[in-house]
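To keep things clear, I will list the structure first and then write my remarks on it.
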Amino acid sequence: MYSPSRKDFIALTLSDQHSRSYNNGKHRRQSCWRKWKQLSRLQRSLILFLLALLLICGLLFYPSFSEQWGGMSDKAVREDWDEDWERGLKPVPPGVNPVAGPAGGPAVGLAGVAVGPELNPGLGLAVAPGLIPEVIPEPRRPKVPSIPKPPAKKRPFPNKRGPPSLQKERNVSDSLIKPAEKVPVEKAEEKEGEKPLVSWRGAMIEADEATEPPPSAHEKDAAVPPVPVNPEDTAPLAPVSVKPVDRLEMVREAFRHAWKGYKEFAWGHDELKPVSKSYGEWFGLGLTIIDALDTMWILGLKEEFEEARKWVETELSFSKNVDVNLFESTIRILGGLLSTYHLTGDEMFLEKAKDIGLRLMPAFKTPSKIPFSDVNIGKGTAHPPRWTSDSTLAEVTSVQLEFRELSRLTQDPQYQEVVNEVMKLVHKLPGKHDGLVPMFINTNSGQFTHKGVFTLGARADSYYEYLLKQWIQGGKTEPDLLEDYLEAIEGVKKHLLRTSGPRKLTFVGELNHNRFNPKMDHLVCFLPGTLALGAHNGLPEDHMELALQLMETCHQMYIQMETGLSPEIAHFNLQPYDGRDVDVKPADRHNLLRPETVESLFYLYRFTKDAKYRDWGWDILESFNKYTRVPSGGYTSISNVRDPVNPGPRDKMESFFLGETLKYFYLLFSDDLELLSLDKYVFNTEAHPLPIWQLPPV
């Protein structure tokens, strides 16, 4: 037996440096050739013919493909593109031939757009840096291929226009340039001295208001002046601009939205619960309808007014066994009916006012002639609250405007006599503190109770308001009212006025047994408007100065909150350190859609014509729309103005949102200063305008 050949062993291993891995390649090649030989001659000829045909087609079409794609990827062209963009030019993209311009004129790109940093100067349109539309339609020429996007690399531009965001990388869909109707170029030219406007997120922004730094000397040198284009050979383009917001129409829309929810879910009831799509009852008298009557008339909402009028005429009845609050039913129902009568001349509203006025009279049948707080309008009886025999001072002294006007219209003096008697009693009562009054008064003794606590907030606010407004309503003939008002304002300055530490905001606090509390209700924001109204009627000029300071404070109560809405109660920091002026306790963070700040903004704008007060009001309206608007209809009060993510809807739309807040918004934004002129009308504390009495000449 012979041993295996060493050579054969070496040939089968990987140890030999000349050996290779086994991959069966030779056998595969032999197998393919064997299959090719098995084909018939006709089959082999067909395959060879198709391969030759594909090769010929490729050779024929190769030049055009190579020209297009090679041009786009050519390094020199890319460098030219970057250079042009760096110089502020808008180059014609590679692969797209420019359209020849007029004789001797420059070449223009698609849609007659000149190659340069700006379009035709006569059109007043600049190309937003970093933005080329993917398709620019040409209204007067056939359609052309879309323009490829420029390289992703962006560089700073010397010609900065619009907000800073427009000068940086952005999505083309954020702003589109659309072709405009052909108009004479002369009309499209910018007026000398006017600043061009750029549309940015729905607002018109002046081009030179951008916050980017000015161009450097190098950038100025690189800037190239625009190349003029003959307007006859180009399609005129106009910048996309957003029409300035019609603020009056936005108020109307807000009212319609609120009315939609009320009509659908709470019609005929007192208040809408917009979140639960239901209603709430207080007196069962359709408070929202009555409170909103004059607002609808002022806003020109004829259809809504007519359906409300029909309900008042056919459905409203005061023959109900129900207790109503004297103050609330007077300012909302009696005031709303009297105001609507004066605006429309419709006698039906006056008859309804007489009915409710007469039914409220039993409240004044007390030993002291200080009225009870509650009246049963069906039984004709009145009583104090179950827990006390006291009435709130603001309530018994804030029904005078309405009852006095009812006497004037009906020629029945009983209404005016009972409310005038209340004012005479309060005028001579002891217990005041430099014109400031306590919050409660006893209906049996006619004396102040809970003495030592003084505030311009809840339970006392409208007493001070009605002192001035009664004096104005009566033709400035009642000196006791003016005396009490002037003394009270001096008391406010002496005891309740302070400034916050951080920003030195002037605010009105409270006095509790000679101890100052830096607490200010949102209700106190009626005061700037009242002070301004007094100054307008000849009272000291420092009243207007104080009004301006307090107006700023009320504004800060809104803008220092995360939602842009004021809390119900604010506490001011007195310590001089950098921080927030307004501190809000958890229990005070709710917002009830109150009108007081908007009311004062209306007065301040009417008397100063300062547009900032309109802007402040617009910011508040936008915040209402953002955080309180319910999609199904209506607006809701919220629980936390410090939490924009979850403000906590309270599911209630007070009637005063339609009766006061939206009305004051409309009057604030209206250019018609004779609309409810403050020389002819005085507003009650529910924003219902009543006429100032025209006294016969002496």
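The values are calculated or read from the model by the stated rules, or taken from the named source; none is laboratory data. Worth saying up front: this structure is predicted, and the values here are computed from it rather than measured. Heads up, the Cβs are rebuilt from the backbone with ideal geometry, glycines too, and the neighbour counts pull from every protein chain shown.
Inspect the range 427-434 for any residue being within 22 Å of residue 362 (Cα to Cα), out of contact with any helix residue (DSSP H, G or I) (no Cβ under 6 Å at 6 or more places or on another chain) and surrounded by 15 or more Cβ atoms within 10 Å (Cβ to Cβ) and give the result as yes or no. Write out each step before concluding.
From the range 427-434, those within 22 Å of residue 362 (Cα to Cα) are none; that's our starting set.
Within the range 427-434, not a single residue is within 22 Å of residue 362 (Cα to Cα), out of contact with any helix residue (DSSP H, G or I) (no Cβ under 6 Å at 6 or more places or on another chain) and surrounded by 15 or more Cβ atoms within 10 Å (Cβ to Cβ).
In the range 254-306, what residues are surrounded by fewer than 24 Cβ atoms within 10 Å (Cβ to Cβ), under 21 Å from residue 666 (Cα atoms) and acidic (Asp, Glu)? Scanning the range 254-306 gives 303, 304, 306.
Yes or no: the range 628-640 includes at least one residue that is surrounded by fewer than 16 Cβ atoms within 10 Å (Cβ to Cβ), within 22 Å of the chain's Cα centre (by Cα) and charged (D, E, K, R). The answer is no, given that none of the residues of the range 628-640 is surrounded by fewer than 16 Cβ atoms within 10 Å (Cβ to Cβ), within 22 Å of the chain's Cα centre (by Cα) and charged (D, E, K, R).
One line per residue, one yes/no per condition, for (1) at pLDDT 95 or above; (2) surrounded by 23 or more Cβ atoms within 10 Å (Cβ to Cβ); (3) touching a His at 6+ places or on another chain (Cβ under 6 Å):
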{"site": "548", "(1), (2), (3)": "yes, no, no"}
{"site": "565", "(1), (2), (3)": "yes, yes, no"}
{"site": "572", "(1), (2), (3)": "yes, yes, no"}
{"site": "577", "(1), (2), (3)": "no, no, no"}
{"site": "584", "(1), (2), (3)": "yes, no, no"}
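Mind telling me which of the residues 468, 482 ends up being surrounded by fewer than 22 Cβ atoms within 10 Å (Cβ to Cβ), more than 21 Å from residue 520 (Cα to Cα) and in the same structural domain as residue 594 (by TED's automatic domain parsing)? Break it down into steps so the answer makes sense when it comes.
Values: 468 fails: surrounded by fewer than 22 Cβ atoms within 10 Å (Cβ to Cβ).
Criteria check complete, one pass: 482.
Residue selection: residue 537 fails the criterion of being of a type outside the set (Asp, Glu) and on the phi > 0 side of the Ramachandran plot.
Only helices (runs of 4 or more DSSP H) wholly contained in the range 377-463 count here; list those with 3 or more residues that are within 19 Å of residue 686 (Cα to Cα) and modelled with pLDDT of 95 or more.
Details: elements: 393-396, 400-410, 414-427.
It comes to 393-396, 400-410.
Note on the range 319-331: residues that are among the small types (Gly, Ala, Ser) and buried (at least 18 other Cβ atoms within 10 Å of the Cβ) amount to 1. Residues that are of a type in the set (Val, Ile, Thr) and not in a loop (DSSP other than H, G, I, E, B) within the range 620-650 comprise 620, 638, listed in sequence order. Note on the range 651-698: residues that are assigned to a loop (DSSP other than H, G, I, E, B), of a type in the set (A, V, I, L, M, F, W, C) and crowded, with 24+ Cβ neighbours inside 10 Å amount to 1.
Go through the residues of the range 599-612 one by one and say whether even a single one is surrounded by fewer than 23 Cβ atoms within 10 Å (Cβ to Cβ), touching a residue at least 12 places away in the same chain (Cβ under 8 Å) and assigned to a loop (DSSP other than H, G, I, E, B). Checked against the condition, which is being surrounded by fewer than 23 Cβ atoms within 10 Å (Cβ to Cβ), touching a residue at least 12 places away in the same chain (Cβ under 8 Å) and assigned to a loop (DSSP other than H, G, I, E, B), the range 599-612 yields no hits at all.
In this structure, is residue 308 within 30 Å of residue 673 (Cβ to Cβ), part of a helix (DSSP H, G or I), without any contact (Cβ under 8 Å) to a residue 60 or more places away in the chain and not assigned by TED's automatic domain parsing to the domain that holds residue 656? Before you say what the answer is, go through the steps one by one.
Details: within 30 Å of residue 673 (Cβ to Cβ): yes; part of a helix (DSSP H, G or I): yes; without any contact (Cβ under 8 Å) to a residue 60 or more places away in the chain: yes; not assigned by TED's automatic domain parsing to the domain that holds residue 656: no.
It is false that residue 308 is within 30 Å of residue 673 (Cβ to Cβ), part of a helix (DSSP H, G or I), without any contact (Cβ under 8 Å) to a residue 60 or more places away in the chain and not assigned by TED's automatic domain parsing to the domain that holds residue 656.
Reported count of residues in the range 332-348, each being assigned to a helix (DSSP H, G or I), surrounded by fewer than 24 Cβ atoms within 10 Å (Cβ to Cβ) and touching a helix residue (DSSP H, G or I) at 6+ places or on another chain (Cβ under 8 Å), is 5.
Looking at 520, 544, can you tell me which residue is surrounded by 15 or more Cβ atoms within 10 Å (Cβ to Cβ), part of a strand (DSSP E or B) and in contact with a Ser or Thr (Cβ under 9 Å, 6 or more places away or on another chain)?
On the way: 544 fails: part of a strand (DSSP E or B).
Exactly one of 520, 544 is surrounded by 15 or more Cβ atoms within 10 Å (Cβ to Cβ), part of a strand (DSSP E or B) and in contact with a Ser or Thr (Cβ under 9 Å, 6 or more places away or on another chain), namely 520.
Within the range 479-512, the residues that satisfy the criterion of being charged (D, E, K, R) and free of Cβ contacts under 8 Å to residues at least 60 places away in the same chain are 480, 483, 484, 487, 490, 493, 504, 510.
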